[in-house]
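Visitor: Submitted below is the structure of interest, expressed as structure tokens.
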Amino acid sequence: MSEASLVRRRAATLLAGILLALIVVLAGPAAPASAHATLVSTTPAANSVVSQPPAAVVLTFSEPVSPIAGKVRVTGPSGRADGGEPRVEGTNVTIDLGPNTPNGTYLVSYRVISADGHPVTGAFTFSIGAPSPGGAPTEAAEAATSPVVTALFPVARYLGYAGLALLVGAVLVLTALWPQRLASAGLVRVAYVGAVLIAVATVLEVVLEVPYVMGGGLFGAGAEAWKEVLGSRFGTAHLVRLGVLGVSLILLRPVVRGRSWGSDRILLCVLGVVGLATWSVSGHPGASPAPMVTVLADMVHLGSMGVWLGGLIMLFLFVLPRANAAELAAIVPVWSRWATYAVGALLLTGLAQALIEVGSFDALIDTRYGWLVMAKAGLVLVILAVASTSRRLVAPIATAEPGAAHRLRMIVLAEVAIIAVVLATTAVLVQTTPARTAVDQVEGPPLQSISLTSKLFTLQGDIQPAAVGINEIHLYAFAPTGGEIKIEQWTATAALPSQGIEPIEINLLAITPSHAYGQVTLPVAGAWEFTLTLRTTEIDQATVKAQVQIAPD
């Protein structure tokens, strides 16, 4: 093996290691992705008591959603479903109630798919006339989405982006920059590797989407779940992507064989645009307040990324090591202009998307999405600094200055490595609630969070607004190892010994086997002591305590 081949192999191994490490670091510890639509209001209002039976229950979301069949229900005091099939009108989901609606407490539960393919789940109660003596009705708990599913989504996105860059870069260099005297087998293999990565990532995303939106693990989903996902905009876009990829590979055969491709190039360009659109319409851009702008911007953004990153990889792996001085003098200035155009398009479209998806300065600094956007912007600035160095080597290469090509190759490697980090950040961004939505979620009343452990479980909770008056409590239980757990019975009290207030019982409603909700009225401010007892079996239970500071009204 020649020294040049050994250097290329070591560089490729290093680059693969960087990509793998980024996937592990950024995707592995990520928390389950939040739903990207939020419940704005309900009619009747949550936890309210109405004097007359409403004609329907209306759920209003921040953006259009698609109800999952059988997952949007109104359960009456008798314990049976009392609502009809949900219907969607804009951002409203309406469930009609029957003419003979008895008094008592009703449980409304929902699981819908937001416009960008993420599930939105929740439940609330309301009462007609007066609350039921026995409390709220219960229903079979929904299976929680496996954390493995949510962790694998960024990995699938990353593979798809990497495949797009390899395919676009290889085709671009083959058709426009590759010297005819050189064998093109390596570039052809890279193009096919890119196509395979796109196909694998596309199939993996669909496979993950089924348990992601329906709940549960990777396996065991029924035909109805697959039908639900494949019939959604997310599923349709991914099926179209696979079809476009297959037809494109057929049209690319003359290119990889070195033949003329004539009128096929127009059709191939059209297919390329359609393929890029499948990423945009099935993600955040398709669900933004200005979808026409964000979808178009995202398509240009993805295409520019493919040209820039893919071209850099081909330049590093094939062009710079194999082309002679005369060929480099012709190729590098052309590539430099293309890279400048691609970078300009990336910056403009990235700025447009950020302005829409972030929306405000508070959203930029107060949300995870905003911090990821700032991190991505910082990395892009570093890349631009490195790229400016590489552009200064264009003239020396054109004059065949000794060592210029080697220096450029090392700088290109640095660019590729940093862009790989940017790609990983982008893969995580896709699974993160947009700042414009997340800031709406955090701008509500303040809350106090608690985290407690025992030998039987780990308990996390939120108390909102943590002030004098009515407080809502959400409790989430986990196994000591972090997995799922089923709680047979929830018991909670709140006391303020310093003011002589005895324990106040908190009525908790089990929403899922590991999630309970309740309300308690706290009359005065102070350091309240919450005592929480969870029974996991007929004989096993444990009690944990937490002090929560309750503010004045």
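Visitor: Does Ala27 qualify as being under 30 Å from Phe153 (Cα atoms) and at pLDDT below 80? Lay out the reasoning, then the answer.
Guide: Working: under 30 Å from Phe153 (Cα atoms): yes; at pLDDT below 80: yes.
Taking the combined requirement at face value, the residue satisfies it.
Visitor: Of a type in the set (A, V, I, L, M, F, W, C) and either within 17 Å of Lys71 (Cβ to Cβ) or modelled with pLDDT of 85 or more (or both): does that describe Leu182? Steps first, please.
Guide: On the way: of a type in the set (A, V, I, L, M, F, W, C): yes; either within 17 Å of Lys71 (Cβ to Cβ) or modelled with pLDDT of 85 or more (or both): no.
Spelling it out, it is not the case that Leu182 is of a type in the set (A, V, I, L, M, F, W, C) and either within 17 Å of Lys71 (Cβ to Cβ) or modelled with pLDDT of 85 or more (or both).
Visitor: Please go through region 341-352 and give me each residue that is at pLDDT 85 or above and of a type in the set (Ser, Thr, Tyr), ordered by number.
Guide: Tyr341
Visitor: Yes or no: region 322-331 includes at least one residue that is under 29 Å from Asp298 (Cα atoms), buried (at least 19 other Cβ atoms within 10 Å of the Cβ) and assigned by TED's automatic domain parsing to the domain that holds Asp298. Write out each step before concluding.
Guide: Let us first name the residues in region 322-331 that are under 29 Å from Asp298 (Cα atoms), namely 331.
Those still in the list that are buried (at least 19 other Cβ atoms within 10 Å of the Cβ) too: 331.
Next, only the ones that are assigned by TED's automatic domain parsing to the domain that holds Asp298 stay: 331.
Yes, region 322-331 contains a residue that is under 29 Å from Asp298 (Cα atoms), buried (at least 19 other Cβ atoms within 10 Å of the Cβ) and assigned by TED's automatic domain parsing to the domain that holds Asp298.
Visitor: Looking at (1) modelled with pLDDT of 85 or more; (2) surrounded by fewer than 20 Cβ atoms within 10 Å (Cβ to Cβ); (3) over 30 Å from Ala323 (Cα atoms), which one does Arg189 not meet, given that it meets all the others?
Guide: Among (1) modelled with pLDDT of 85 or more; (2) surrounded by fewer than 20 Cβ atoms within 10 Å (Cβ to Cβ); (3) over 30 Å from Ala323 (Cα atoms), Arg189 violates only (3).
Visitor: Going by what's in this entry, would Gly79 be described as modelled with pLDDT under 75, part of a loop (DSSP other than H, G, I, E, B) and under 22 Å from Gly122 (Cβ atoms)? Walk me through how you get there before you give the answer.
Guide: Numbers: modelled with pLDDT under 75: yes; part of a loop (DSSP other than H, G, I, E, B): yes; under 22 Å from Gly122 (Cβ atoms): yes.
Here the answer is yes, as Gly79 does meet what is asked.
Visitor: Let me ask another. Output yes when any residue across region 122-136 is crowded, with 20+ Cβ neighbours inside 10 Å, under 18 Å from Ala427 (Cα atoms), at pLDDT 75 or above and not aromatic (Phe, Trp, Tyr), and no when none is. Can you show your working first?
Guide: Restricting attention to region 122-136, the residues satisfying the condition of being crowded, with 20+ Cβ neighbours inside 10 Å are 123-126, 128, 136.
Remaining after also requiring under 18 Å from Ala427 (Cα atoms): none.
Checked against the condition, which is being crowded, with 20+ Cβ neighbours inside 10 Å, under 18 Å from Ala427 (Cα atoms), at pLDDT 75 or above and not aromatic (Phe, Trp, Tyr), region 122-136 yields no hits at all.
Visitor: Please give the number of the condition Ser62 fails out of (1) in the same structural domain as Tyr161 (by TED's automatic domain parsing); (2) at pLDDT 50 or above.
Guide: (1)
Visitor: Could you name every one of the strands (runs of 3 or more DSSP E) located completely within region 488-532 that has at least 1 residues being assigned by TED's automatic domain parsing to the domain that holds Gly469, surrounded by fewer than 19 Cβ atoms within 10 Å (Cβ to Cβ) and at pLDDT below 90?
Guide: 501-512, 515-522
Visitor: May I ask you to list the residues in region 454-499 that are at positive phi and touching a strand residue (DSSP E or B) at 6+ places or on another chain (Cβ under 6 Å)? It would help to see each step written out before you state the result.
Guide: Filtering region 454-499 for residues at positive phi gives 466, 469, 482.
Passing the criteria: only Ala466.
Visitor: Filter region 533-553 down to residues that are among the acidic types (Asp, Glu) and closer than 19 Å to Ser514 by Cβ and give me whichever is surrounded by the most Cβ atoms within 10 Å (Cβ to Cβ).
Guide: Of all residues in region 533-553, those among the acidic types (Asp, Glu) come to 538, 540, 553.
Those left that are additionally closer than 19 Å to Ser514 by Cβ: 538, 540.
Details: Glu538: 8, Asp540: 12.
Applying the filter and picking the extreme gives Asp540.
Visitor: Given the criteria charged (D, E, K, R), over 28 Å from the mean Cα position of the chain (by Cα) and in the same structural domain as Pro513 (by TED's automatic domain parsing), does Glu484 qualify?
Guide: no
Visitor: Considering only region 196-215, how many residues are in a helix (DSSP H, G or I), out of contact with any helix residue (DSSP H, G or I) (no Cβ under 7 Å at 6 or more places or on another chain) and either over 15 Å from Leu245 (Cα atoms) or outside the structural domain of Val168 (by TED's automatic domain parsing) (or both)?
Guide: Going through region 196-215 one residue at a time, the tally reaches 1.
Visitor: Just to be sure I understand, how many residues within region 265-296 are at pLDDT below 85, part of a helix (DSSP H, G or I) and either small (Gly, Ala, Ser) or at positive phi (or both)?
Guide: Counting residues in region 265-296 that are at pLDDT below 85, part of a helix (DSSP H, G or I) and either small (Gly, Ala, Ser) or at positive phi (or both) gives 3.
Visitor: Then there's this: Taking only pairs six or more apart or across chains, which ones have beta-carbon atoms under 8 Å, a first residue in region 78-107 that is touching a residue at least 24 places away in the same chain (Cβ under 8 Å) and under 20 Å from Gly129 (Cα atoms), and a second residue that is polar (S, T, N, Q) and part of a loop (DSSP other than H, G, I, E, B)?
Guide: Qualifying pairs under 8 Å: Gly79/Thr138; Asp82/Thr101; Pro102/Ser78; Gly104/Ser132; Thr105/Ser132; Leu107/Thr138.
Visitor: When you go through Ala339, Ala363 one by one, which is the residue that is without any contact (Cβ under 8 Å) to a residue 60 or more places away in the chain and not hydroxyl-bearing (Ser, Thr, Tyr)? Write out each step before concluding.
Guide: Numbers: Ala363 fails: without any contact (Cβ under 8 Å) to a residue 60 or more places away in the chain.
Going through Ala339, Ala363 in turn, just one is without any contact (Cβ under 8 Å) to a residue 60 or more places away in the chain and not hydroxyl-bearing (Ser, Thr, Tyr): Ala339.
The values are calculated or read from the model by the stated rules, or taken from the named source; none is laboratory data. These numbers were taken from a predicted model, which means no experiment stands behind them. Neighbour counts are summed over all protein chains in view; Cβ atoms, including those assigned to glycine, are modelled from backbone coordinates with ideal geometry.
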